[in-house]
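Structure record follows, encoded as structure tokens.
All of the numbers you see were taken from the coordinates with simple rules; none came from a lab. Fair warning: this is a prediction, and the values are worked out from it, not measured in the lab. Don't worry about glycine lacking a Cβ; one is built from the backbone with ideal geometry, like all the others, and counts go over all protein chains shown.
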Amino acid sequence: NAGVTQTPKFRILKIGQSMTLQCTQDMNHNYMYWYRQDPGMGLKLIYYSVGAGITDKGEVPNGYNVSRSTTEDFPLRLELAAPSQTSVYFCASSQTDAGGTYEQYFGPGTRLTVT
Amino acid sequence: AQSVTQLGSHVSVSEGALVLLRCNYSSSVPPYLFWYVQYPNQGLQLLLKYTTGATLVKGINGFEAEFKKSETSFHLTKPSAHMSDAAEYFCAVSHGGSNYKLTFGKGTLLTVNP
């Protein structure tokens, strides 16, 4: 299994441009998440999905959109990029285990710079 | 609402010394608690987790953590640090009724000196 894959690894955007960060998981997990990581701030949840066709906002959703048309894919769309969106973006997925917990599996991240 | 506080954004130890990374949480319901590790330029990976039962949990790479309800703490320890332990460590708590969501602390960067 490849686990959670993200593309691209790096991207530089100009202010006002748009882009889609891709995320795919091959573990048949129902739950998927997008986080952003800023230095000294930990991870903040942007959007999450509990299954195909269902998405919901996390803590910091402004400026982003998501879709979940399949179990495997959970793309994150940035419209009208702003310097405040310069960050490292992580996609994760999870499924409940026998103990009722949800271990999240993370992708390698996308480092985005907006200038 | 759930929250996590990691005391010390940067901890430096000598190789072979005890590692102690502190985590305190607040939760309105019995929490599920996690420690994740992030090596440079990589994603996060699970070190260990507490759900119910035994309060001392063991994880990968010789790490362990103890859940102390009275202190609302879940500190991470390792008896003897190795150079390969240098990384950033994140404590996380699940969200009560929606325990598929996690709240992360701000992270502690561990440096191991030779």
### Query
Counting only the backbone N, which residues of segment A:79-101 are under 16 Å from the spot 7 Å out from the Cα of B:THR52 toward its beta-carbon?
A:97-101
### Query
What share of all Cα pairs of chain B, in percent, falls into each consecutive 5 Å distance bin?
2, 13, 24, 26, 19, 10, 5, 2, 0
### Message
Amide H of A:LEU43 versus every other amide H placed in the peptide plane: which residues, excluding those fewer than 5 positions away on the same chain, fall under 5 Å?
### Response
B:PHE104
### Query
Expressed as a whole number of Å, what is the distance separating the alpha-carbon centroids of segment B:2-78 and segment A:12-42?
25
